[in-house]
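Have a look at the structure below before the remarks.
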Amino acid sequence: MNLSAQEAFLKLDLVLPPAPKPLGIYKPFLVDGKYLYLSGHGPVQPDQSLIIGRIGADMDPEAGKLAARQVGLTMLSTIVTNFGSLDVVKRVIKVLGMVNCSPDFEKHPYIINGCSELFAAVWGQENGIGVRSAVGMGSLPDNIPVEVEAVFELY
C-alpha cells in the first residue's frame, strides 16, 4: 500500500521548523489554479535560527547538502502551516536551488540534492522529482548557504 505524502513524512521522523514569515514585500506562497508557487526559502532550524555560511569557504559540501535538506523542511512547513497537510500536493513541478558558494565551487547539483532527496522521500520518485536548476551565487540573504524556490501541482 502506498503512503500518502503526509504519512511518508511522518514515517521519516523529521521535525518541521516554524514556517517563516516574510521579511520583505512578497508572499511566501501563491496559488494559481492547480499550481502552488513557493517563494525562496532558507534553512530555518526548529529554534527559528538560520543555518549560515558559504559553501567552499565556511562549510563543506556535506554540511551544505544538509542545509539544503533543511530548506526543504522549511518549505514543507510552509505547506503544512498554510494548507494543513502535505497531501494537498500532487507532485513537484520545478525546483530552483541557489547555492551561496566560493567562486571555485562547482558541485551545486550535489548540494541541492539535499532538498530533492527529501521531496522524493515524501512524494515518491515519480511525483517528488521535478525539473530543476542548481546554480551558484556570490551571496545570499543573511549569508545563508542555500535558498530554494519551487512550484508544485495541487490536487
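In table form, for the structure just shown:
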{"quantity": "Of all residues in region 122-148 being within 15 Å of the chain's Cα centre (by Cα) and of a type in the set (Gly, Ala, Ser), the one that is surrounded by the most Cβ atoms within 10 Å (Cβ to Cβ)", "calculated": "ALA134"}
{"quantity": "Count of region 91-110 residues which are surrounded by 21 or more Cβ atoms within 10 Å (Cβ to Cβ) and over 15 Å from the mean Cα position of the chain (by Cα)", "calculated": "1"}
{"quantity": "In region 7-17, the residues that are open to solvent by 40 Å² or more (accessible area, probe 1.4 Å) and not aliphatic (A, V, I, L, M)", "calculated": "GLU7, LYS11, ASP13"}
{"quantity": "Residue match in region 38-55 (condition: part of a loop (DSSP other than H, G, I, E, B) and among the aliphatic types (A, V, I, L, M))", "calculated": "yes"}
{"quantity": "Odd one out for VAL131, checked against (1) without any contact (Cβ under 8 Å) to a residue 40 or more places away in the chain; (2) β-branched (Val, Ile, Thr); (3) touching a Cys at 6+ places or on another chain (Cβ under 8 Å)", "calculated": "(3)"}
{"quantity": "Unique match (being surrounded by 19 or more Cβ atoms within 10 Å (Cβ to Cβ) and under 23 Å from LEU14 (Cα atoms)) among VAL80, VAL71, VAL88, VAL151", "calculated": "VAL71"}
{"quantity": "Members of region 34-71 found to be touching a strand residue (DSSP E or B) at 6+ places or on another chain (Cβ under 7 Å), over 17 Å from GLY24 (Cβ atoms) and among the aliphatic types (A, V, I, L, M), listed by number", "calculated": "LEU36, ILE55, ALA67, ALA68, VAL71"}
{"quantity": "Some residue of region 28-45 being free of Cβ contacts under 8 Å to residues at least 40 places away in the same chain, buried (at least 17 other Cβ atoms within 10 Å of the Cβ) and within 16 Å of the chain's Cα centre (by Cα)", "calculated": "yes"}
{"quantity": "Failed item, numbered, when ALA8 is tested on (1) farther than 17 Å from ARG132 by Cβ; (2) outside any helix (DSSP H, G or I); (3) modelled with pLDDT of 95 or more", "calculated": "(2)"}
{"quantity": "Test: residue in region 121-131 that is in contact with a strand residue (DSSP E or B) (Cβ under 9 Å, 6 or more places away or on another chain) and under 25 Å from GLN48 (Cα atoms)", "calculated": "yes"}
{"quantity": "Region 99-119 residues that are in contact (Cβ under 8 Å) with a residue 40 or more places away in the chain, paired with ones that are open to solvent by 10 Å² or more (accessible area, probe 1.4 Å) and among the aromatic types (Phe, Trp, Tyr) (beta carbon under 8 Å, 6 or more apart)", "calculated": "VAL99/PHE105"}
{"quantity": "Filter result (buried (at least 16 other Cβ atoms within 10 Å of the Cβ) and either closer than 23 Å to LEU23 by Cα or at pLDDT below 95 (or both)) within region 46-63", "calculated": "LEU50, ILE51, ILE52, GLY53, ARG54"}
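The values are calculated or read from the model by the stated rules, or taken from the named source; none is laboratory data. This is a predicted model, so every value here is computed, not measured. Cβ: placed from backbone, ideal geometry, glycine included. Neighbour counts: every protein chain shown. Side chains are part of the model used for accessible areas, which takes the heavy atoms of the whole protein and leaves out ligands, DNA and RNA. Shrake-Rupley method; radii C 1.70, N 1.55, O 1.52, S 1.80 Å.
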